[in-house]
2 protein chains.
Amino acid sequence: MMRQGFAATTVDQICAEAGLTKGSFFHHFESKEALGLAAMAAFAELGMGLYAVAWDAPDVGPLEKLHRLLDVMSDLARQHGELLTCMVGMLSQELALSNATVRQAGEGHMEAWVGAVAGLLTEAKRLHPPRVGFDSDAVAWMLYSTWQGSMLVGKTRQRPEMVIENLRQMRAYLDGLFEPLGKSKSKHPKRA
Amino acid sequence: MMRQGFAATTVDQICAEAGLTKGSFFHHFESKEALGLAAMAAFAELGMGLYAVAWDAPDVGPLEKLHRLLDVMSDLARQHGELLTCMVGMLSQELALSNATVRQAGEGHMEAWVGAVAGLLTEAKRLHPPRVGFDSDAVAWMLYSTWQGSMLVGKTRQRPEMVIENLRQMRAYLDGLFEPLGKSKSKHPKRA
DNA sequence: TCGTTCATACAGACTGGTTGGTATGTAGCG
DNA sequence: CGCTACATACCAACCAGTCTGTATGAACGA
C-alpha cells in the first residue's frame with residue numbers, strides 16, 4: 001500500500017505476499033477498508049514507538065527532547081532513503097475526501113504526534129520563556145505538516161537528502177523560537 | 001481524481017462527468033495514465049498562473065513578491081476550504097513509487113515552483129544581505145514541502161485555518177532569514 | 001485414555017459486477 | 001475525399017467479497 005496506494009493494492013496481492021489465501025484474509029478482516037485502517041494503526045504505533053525514545057527519555061529537558069525527536073526523524077530519512085513514506089499520510093492523501101472513516105483515523109494518528117510535540121513545546125516555554133509568545137499547537141501542526149510534506153516531496157524527487165535538510169531548517173526554526181538572538185547559539189551544535 | 005485518487009477514478013466516471021463516451025476518451029488520450037499526466041500539467045499551469053501574479057508583479061522587490069506569493073497561497077486556502085488539494089501532490093503521493101513517468105512529471109512541476117521561488121530568494125539575498133547565509137534552493141524546497149504538507153494535513157483535518165496559520169509561520173520564518181532582530185519588524189504587517 | 005464438541009484458522013472454488021482498452025462505425029466539415 | 005471527433009458494442013481480465021469445506025487443537029466428560 002505504501003508503494004502503490006490503497007486502491008491499486010489488491011487483496012489477492014496482499015494474500016500472495018503474506019503467503020495466505022483470500023478465505024483467510026476475510027476471516028481476519030471484515031473488508032479491505034478494515035485492513036487499511038489496521039495498516040494505518042500498526043504503522044502509527046510503530047512510528048510512535050520510535051519517536052518515544054526521544055520524548056520519553058528520562059532526565060532530559062523538553063527542548064533537548066525536541067532535538068532528539070528531530071534526530072530520530074533524520075535517522076529515519078537516512079535509513080529508508082528513497083522509500084521514506086508515511087502510511088498515515090499516504091492513505092489520508094488518497095482517501096480523506098472520499099472515506100470519512102479513514103479520514104478520521106488519519107486525523108487521530110496525526111493528533112497523537114502533534115499532541116506529544118505540543119506538550120513538549122508548552123513545557124519548553126515554561127522553562128525557557130521565549131521572547132515572543134507562540135501557540136504550541138500551531139507550531140506542532142506546522143512541524144508535522146512540514147514532516148509530511150518533506151516525505152512526499154522527498155519521495156517524488158527521490159532525494160532523501162532534501163528531507164534531512166528540511167529537518168535541519170525545522171531545527172533552526174525551533175531554535176529561533178527560543179533563542180531570538182545572541183543567546184547560547186551553539187547549545188545544540190550542528191546535528192542532523 | 002483530486003477527491004478519490006487516480007486508481008479509484010474510473011474512465012467511465014470521467015466520461016460520465018464530461019458528458020462523453022469512452023470511445024471519445026481513448027481518441028483524445030492514449031491511456032488513463034496519459035490523462036493523469038495531462039491533469040497534472042493542466043493543474044500545474046493553472047496554479048503557476050495564479051502564482052505568477054505575485055512573482056511577475058512589475059516594480060516590486062523580491063521580498064515583497066515572496067510575501068505576495070504567500071498572500072496568493074493564503075487566498076487559495078481561504079477560498080477552497082476543506083477541498084484544498086494539489087493534483088501534483090496527490091498523484092505524486094499515490095504513484096511516485098510505482099510509476100516512473102508520473103514521478104518525473106510531478107518532480108518537474110515541483111521544480112518549476114521551487115525554481116521561481118529560489119530565484120526570488122537569491123535576488124532578495126542580493127538586495128537585503130541576511131545576517132546568516134542560506135541556500136536559496138534549500139529554503140525554497142522547504143517552503144514547498146511545507147505547502148504540500150499543509151494541504152495534506154489540512155485536508156485530513158478538514159481545517160483550512162491550519163493551512164493559513166502554517167502560511168503565517170512560513171512568513172515569519174522567511175522574515176527571520178532577512179531580519180535577524182531589531183530591524184524594521186513591521187515592514188509586512190500582519191497579513192495572511 | 002479416549003471420544004466428542006466446538007471454536008479458530010485457514011484453503012479453494014466461485015460470482016457478479018467492474019475495469020481499461022479495442023474494434024468498428026458514423027456524422028460533420030473543409 | 002479524407003480527416004477529426006465522437007458513439008456503440010464488446011471483451012478478457014480482474015476485483016472484492018462469499019460460500020463451503022477442512023485441519024487443528026483446546027475443553028470436557030466418562
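The values are calculated or read from the model by the stated rules, or taken from the named source; none is laboratory data. Keep in mind the model is a prediction, meaning the values are calculated, not measured. Please note: Cβ atoms are built from the backbone with ideal geometry, for glycine as well, and neighbour counts cover all protein chains shown.
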- Here are some conditions: (1) within 22 Å of B:Y144 (Cβ to Cβ); (2) more than 14 Å from DNA strand D (Cβ to nearest atom); (3) surrounded by 15 or more Cβ atoms within 10 Å (Cβ to Cβ). B:G5 meets all but one. Which one does it not meet? (2)
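Name every residue in the stretch A:48-76 that is within 30 Å of B:F6 (Cα to Cα), crowded, with 19+ Cβ neighbours inside 10 Å and away from chain B (no Cβ under 14 Å), in order of residue number. Give the steps one after another, and end with the answer.
The first filter runs over the stretch A:48-76 and keeps only residues within 30 Å of B:F6 (Cα to Cα), leaving A:48, A:73, A:76.
Subset that is crowded, with 19+ Cβ neighbours inside 10 Å: A:73, A:76.
Passing the criteria: only A:L76.
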- Would it be correct to say that A:A140 is touching an Asp or Glu at 6+ places or on another chain (Cβ under 7 Å), over 26 Å from B:A96 (Cα atoms) and modelled with pLDDT of 95 or more? no
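The rows are residues; the columns are (1) touching a residue at least 60 places away in the same chain (Cβ under 8 Å); (2) assigned to a helix (DSSP H, G or I).
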{"residue": "B:M2", "(1), (2)": "yes, no"}
{"residue": "B:A8", "(1), (2)": "no, no"}
{"residue": "B:A41", "(1), (2)": "yes, yes"}
{"residue": "B:L46", "(1), (2)": "no, yes"}
{"residue": "B:L70", "(1), (2)": "yes, yes"}
- Which numbered condition A:E30 fails, given (1) within 16 Å of DNA strand C (Cβ to nearest atom); (2) in a helix (DSSP H, G or I); (3) loosely packed, with under 15 Cβ neighbours inside 10 Å: (2)
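Considering the stretch B:77-86 alone, what residues qualify as being modelled with pLDDT of 95 or more and surrounded by fewer than 21 Cβ atoms within 10 Å (Cβ to Cβ)?
Residues satisfying the conditions are B:R78, B:Q79, B:H80, B:L84, B:T85.
Take the residues in the stretch B:10-27 that are of a type outside the set (A, V, I, L, M, F, W, C), part of a helix (DSSP H, G or I) and more than 8 Å from DNA strand C (Cβ to nearest atom); name whichever of them is farthest from the chain's Cα centre (by Cα).
First, pick out the residues of the stretch B:10-27 that are of a type outside the set (A, V, I, L, M, F, W, C): B:10, B:12-13, B:17, B:19, B:21-24, B:27.
From what's left, part of a helix (DSSP H, G or I): B:12-13, B:17, B:22-24, B:27.
Narrowing the set further to residues that are more than 8 Å from DNA strand C (Cβ to nearest atom) leaves B:17, B:24.
Numbers: B:E17: 26, B:S24: 32 Å.
Checked the stretch B:10-27; the qualifying residue farthest from the chain's Cα centre (by Cα) is B:S24.
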- Selection within the stretch A:10-39 - in contact (Cβ under 8 Å) with a residue 40 or more places away in the chain and within 13 Å of DNA strand D (Cβ to nearest atom): A:E33, A:G36, A:L37
- Query: Would you pick out the residues in the stretch A:48-68 that are under 16 Å from A:A124 (Cβ atoms) and part of a helix (DSSP H, G or I)?
  - Reply: A:A54, A:W55, A:P62, A:L63, A:E64, A:K65, A:L66, A:H67, A:R68
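Is it true that B:L95 is within 8 Å of chain A (Cβ to nearest Cβ) and modelled with pLDDT under 95?
Values: within 8 Å of chain A (Cβ to nearest Cβ): yes; modelled with pLDDT under 95: no.
No; evaluated as a whole, the condition is false for this residue.
Only one residue in A:G36, A:G89 is within 14 Å of another protein chain (Cβ to nearest Cβ), over 14 Å from the mean Cα position of the chain (by Cα) and more than 16 Å from DNA strand C (Cβ to nearest atom). Which one? Working first, answer last.
Details: A:G89 fails: over 14 Å from the mean Cα position of the chain (by Cα).
One residue alone meets the criteria, A:G36.
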- Among (1) farther than 21 Å from B:L167 by Cβ; (2) within 14 Å of chain A (Cβ to nearest Cβ), B:A42 falls short only on (2)
